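Student: I am attaching a structure below and will ask some questions about it afterwards.
FYI, it's all coordinate maths here, none of it is from the lab. These numbers come from a predicted model, not from an experiment. No Cβ is skipped: glycine too gets one built from the backbone with ideal geometry, and neighbour counts run over all protein chains shown.
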Amino acid sequence: MTDALFVLRPWESPEVTSWGRLPMNAVDRRERAVSLDGRWRFQLLPSPEREPGPGWSWAELPGSWALDVAEDPPQYTNVRMPWPEFPPGSPPANPTGVYERDVDIPADWAGRRIVLQVGAAESVLLVQVDGRPAGVSKDSHLAAEFDLSGLVRPGHRATVRLTVVKWSDASHIEDQDQWWLGGITRPVLLYTTDPLYLADVTVRARRDGELRVDCRVRAASGTATGALPAGWYVGGQLTGPGLDGLELSQDREFDRFNTEDDRVSDFLGEARMGTVVPGVRAWNAETPELYDLTVRLHRADGTVADTSHHRIGFRDVQIRGRDLLVNGERVYIRGVNRHDFHPLTGRTVSYEDMRADLLTLKRFGFNAVRTSHYPGDPALYDLTDELGFYVVDEADIESHDHAHEIADDPRYLNAFVDRVSRMVLRDKNHPSVIVWSLGNESDYGANHDAAAGWLRRHDPTRPVQYEGAAKLDWAATDDASDIACPMYAPIEDCVAHALSGEQTRPLIQCEYSHAMGNSNGTLADTWAAIEATPGLQGGFIWEFWDHGILQHVNDGRPAGRGGAGLYENGVAGPGLRWAYGGDFGETIHDGAFIADGVVFPDRTPKPVMFEHREIAAPVRLSVEGEGTWRVLRVHNRQHFRDLSWLAAEWEFAAADGGAWTLPARLPDVSPGDSAVIDRPEVPGGAGEVWLTLRVTTAADEPWAPRGTEVCLPQVRWYPAEEGEPVVGAEEDLGHIPPPETDDTGLLLHPLLVSPPVLSLWRAPTDNDVLGGMAERWRELALDRAVREPVAVERKGSTVRVRSRWATGAGVVEHEQAFTALVDGRVLVEETAVLPEELTDVARVGTVFETGPGLDRLAWYGQGPWESYPDRASGAPVGHHSAPVDQLFTPYLRPQESGGRHGVRHFTLSGDDHVLSVRLDGPRQVSVTRHRAEDLTAAAHHDELTPRPGCVVHIDAAHRGLGTASCGPDTSPEYLVTPGVHRWSWTLRAL
């Protein structure tokens, strides 16, 4: 290409962040606009130096070509760049997409200003109109606008060409943990304004009702050399709760001050409006009250030249000591990191999908979003304003692979300041944005300080955070971060810092509890520590999505837009799978590390979402007193809202099978307070009884219809006798024949195709693999330990069997006693002795397999969703049931899953048979169609073949999950340690 845009090779010039691009602003431009979304002519060139040929195909915008064009498939890397060139270089093989279409310019736009807006382009955008250059832009996640007034003629057709260069100097600071795609991923728009127009609007709305609106006014450059006409002025109107229409007028005192201070310009006008709103309703994440502001720019004769509409909220954000305050209240940040993602369209996300994302988060107790690691679509902030989320708005800066070099590289100085400042200029009027972030994982250097300096001067109303600045010293007061925002810091370290007396600023983790695969262990423990420790305010789970791309198994192509409806409940349909790194033939990739969200690629919640819902619940229960003097207390855990928006009912579950409901009335409890709730009448004599308060929405909420379940706080009302034996010691069983066993002592049972044996291995979770535990367990041969029978003794109704299981760290002694009981049950009593060298194993328990036909599981224990020892707070104890095929959780890489914690008894049933198991106490149980070795060997779910029967695990001890794929492992109390492990259970066939 010989165009002047290409002579400078802007894709390898970090000093060039744009050319011909208009300044960013916060003016609404939805009026008098034409959408250019849809079909464009398209060519994918091997490099930006190549000229387009005659052969054009079609591409749908917005979209990513990697999901449509086989020549440049998706590629996933976390830290590494996909090519070896150092900054600011780009590789010779540099896919370049050329989009072209003809645009009819409306005739009634004559004499007006005409602007092209490209919502987002990855990573360098070059714009031409009728073969003439219009501009250049970098920053893959913010819009670029270009004034086309001098390049097009109203009433005529123009050819617009958008060239997108995939790899560039900018790629080195867009090295985020995500798929590399390429394309134009947000809407393309052509709009028009009057030659006299609003260049920017800045809104400052305080919780006391004080409102200030600052306007910047420009005249089109073709009008009298851009000089502003005389006599223009601004006005505005505010409507909202309690307001029919409050008029705002121009602040003449501000005008006089500007004149006296010689701040008046011939080409840039500044005006201010202000008022105090009586009886204002403040905005917060619990009650997100919004007002409608209309700003009008008038000509001297009073006619309106330009208009901008804004939904605003009145609120204050400040840091006081080590607390982040919203409207003067210390709030907990129950956040999640969110990328733009969709399994069919990549980073192109519709308004409906963004809304669905936020509705899901709201329903599971999240109140905050970090826009990792770039600004989101403008519509996202409209939604967070409306639905109520605290937002950490993050600039599009991550130089992970070359962080140290770039942080102080003056060639990138302009890029850092440009990206931070454009984000702030666009999003500053959104009440949901409470913190600005300078980016992610880019070390810390002068470029960050420069960006922070600009930001603090421009917007002193919000704090600034950057993990890299606070990384080395959480207590520092002289860096670019107002918040200590570490990643994956052990909660013990956070608590120690808060108690040290040295803490100087809030500690809110920007990333914690890595949600990769079967993960998020100790989440409840983490939050118990946060809530018990002044100075700790929460954090942002990593992350919202599993970034699995729906892929055809037969040819490896992404399913693309045609894949809608081909997946359900987290499971890809026949012939499809969720692709992760390496599945598109990449040689440089980071595998399944892209699958680390709290929801599956289709937004189906993972079990951890229910855990978080209870941790973040607005209502909690506690029991006070003893015996008949016990009372129930309900706690309002919200910051701003009472409980009147909630309804409730009591649910009871007894170990003997009883379950019933009673009405409940929530007392009037102020935020942060508690009150005694009327105690329901509970029948006694039922053994263990659990009392659950099922809390729902009392009326329709913006994020949930009436009757939506909000939380399930639970307390144990009648305790069971601890250590109660399965069989009474006084029973005389000598006259009953013993259970049938083979010569080696393995139990033979008509419903079992594989007898109960010792289990020490689980299919490694992602945390087990990346945390190193799986490799250590393999070295200890726990996945292939072989049983060696030592002795079989038959005495009366009992068969006692001793076995040895050889491992790489010694022998595990295992004893089983099978006793036939009078009612037809078989009692199984087991002991396993682990040598001291086995300091950390996956499980100690029993595994057996049933024959086909047992397809439904009913159990009394925690549920109904999956739970594990260190992730069980969100699974209430009760009577649950589900088809066996629905018990397994389809994590993108097959692994240990489907467990239920605290199970007391369970039943497997089918058309012809019932298998009932009672346990000696609450145990970890799983029932699936897959052996551990099946799951271990598979990389994707399409490689799994369900077994006809059930694989049943009963664990005396099961290791916690932790988050060791990125962050702390589980806590010591959830490890399976050496020594003696005893458990017993009964088996009965009906």
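Student: Taking a spot 7 Å from the Cα of D244 along the direction of its beta carbon, which residues of the range 260-276 have an amide N less than 20 Å from it?
Tutor: 276
Student: With the contact rule set at Cα under 8 Å and sequence spacing of 6 or more, what percent relative contact order holds for the range 752-989?
Tutor: 25 percent
Student: Next question. Highest first, please rank the peptides 182-191, 971-980 by the mean number of other Cβ atoms sitting within 10 Å of their residues.
Tutor: Per-residue mean Cβ counts within 10 Å order the peptides as 182-191, 971-980.
Student: Amide H neighbours of V188 under 5 Å, counting only residues 5+ apart in sequence or on other chains, H built in-plane at 1.01 Å?
Tutor: L36, D37, G119
Student: Shifting gears a bit: Pull up the cross-link candidates among the aspartates and glutamates for K795, meaning alpha carbon to alpha carbon under 20 Å and not fewer than 8 places away within one chain.
Tutor: Straight-line reach from K795, under 20 Å: E730, E731, D732, E740, D742, D743, E815, D823, E829, E830.
Student: Need the list of lysines near K606 for cross-linking: C-alpha distance under 22 angstrom, and skip anything on the same chain fewer than eight residues off.
Tutor: In chain and number order, the partners are K362.
Student: Another question, then. If you wrap a convex hull around the C-alpha atoms of the range 3-114 and split its volume per residue, what is the figure in Å³?
Tutor: 188 Å³
Student: Further question on the same structure: So what is the relative contact order of the range 320-431, in percent, for Cα pairs below 8 Å that sit 6 or more residues apart?
Tutor: Result for the range 320-431 is 22 percent.
Student: Can I ask one more? Taking the mean number of other Cβ atoms within 10 Å as a proxy for protection, how do you rank 746-752, 787-793 from highest to lowest?
Tutor: The packing order, highest mean first, is 746-752, 787-793.
Student: Using the C-alpha atoms of the range 207-312, what convex hull volume per residue, in cubic angstrom, is computed?
Tutor: 117 Å³
Student: What area, in nm² and to one decimal, does the C-alpha convex hull of the range 618-712 cast on average over all directions?
Tutor: With the hull built on Cα positions only, its mean projection is 6.5 nm².
Student: Modelling each spin label as a point 7 Å along the Cα-to-Cβ direction, I'd like the A300/R9 distance in nm, to one decimal.
Tutor: For the pair A300/R9, the computed spacing is 5.3 nm.
Student: Rounded to whole Å and sorted largest first, what semi-axes of the equivalent ellipsoid does the C-alpha gyration tensor of the chain yield via the square root of 5 times each eigenvalue?
Tutor: 58, 34, 24
Student: Where does helix 446-458 land angle-wise versus the long Cα axis of the chain, in degrees 0 to 90, nearest 10?
Tutor: Orientation of helix 446-458: about 70 degrees from the principal axis.
Student: Using a Förster distance of 60 Å, how high is the FRET efficiency between Q886 and N258, based on the Cβ-Cβ distance and rounded to 0.05?
Tutor: It comes out at approximately 0.35.
Student: How large is the charge dipole for the range 1-148, taken about the Cα centre, if only the Cβ atoms of Lys, Arg (+1) and Asp, Glu (-1) carry charge, to the nearest 20 debye?
Tutor: That gives a dipole near 260 debye.
Student: Compute log10 of I(q)/I(0) for the range 752-989 with the Debye formula, placing one identical point scatterer on every Cα and leaving out solvent, at q = 0.08, 0.14, 0.15 Å⁻¹, to two decimals.
Tutor: For the requested q values the scattering log ratios are -0.28, -0.92, -1.07.
Student: While we're here: Only Lys, Arg, Asp and Glu count, each charged at its Cβ (+1, +1, -1, -1), so figure out the dipole size of the chain about its Cα centre, rounded to 20 debye.
Tutor: In total the dipole reaches around 1680 debye.
Student: Using the 4.7 Å Cβ rule, please list in number order the cysteines from the chain without any candidate partner.
Tutor: C215, C494, C711, C950, C966, each lacking another Cys Cβ under 4.7 Å.
Student: Under 26 Å from the Cα of K471, which lysines turn up, not counting those fewer than eight places away in the same chain?
Tutor: Partners within reach: none.
Student: In addition: How far is helix 523-532 tilted off the main Cα axis of the chain, in degrees rounded to 10, range 0 to 90?
Tutor: Once rounded, one gets 70 degrees.
Student: What is the distance, in nm, between label points placed 7 Å from the Cα along the Cα-to-Cβ direction at T977 and at D911?
Tutor: 5.1 nm
Student: Amide H to amide H under 5 Å from D482: which residues, 5+ apart in sequence or cross-chain, H placed 1.01 Å off N in plane?
Tutor: Answer set, sorted by chain and number: V464, Q465, Y466.
Student: Compute the long axis of helix 351-363 from its Cα atoms, compare it with the longest principal axis of the Cα atoms of the chain, and write down the angle in degrees, 0 to 90, nearest 10.
Tutor: Helix 351-363 sits at roughly 40 degrees to that axis.
Student: At 222 nm, what helix-only mean residue ellipticity would the chain give, in deg cm²/dmol to the nearest 500, using -39500 (n - 2.57) for each DSSP H run of four or more?
Tutor: Result for the chain, helices only: -3500 deg cm²/dmol.
Student: Now a separate question. Tell me the relative contact order for the chain as a rounded percent, counting alpha carbon contacts under 8 Å between residues six or more apart.
Tutor: Relative contact order for the chain comes out at 9 percent.
Student: Which order do peptides 336-349, 532-545 fall in by mean Cβ count within 10 Å, highest first?
Tutor: Ranked from most to least packed, the peptides come out as 336-349, 532-545.
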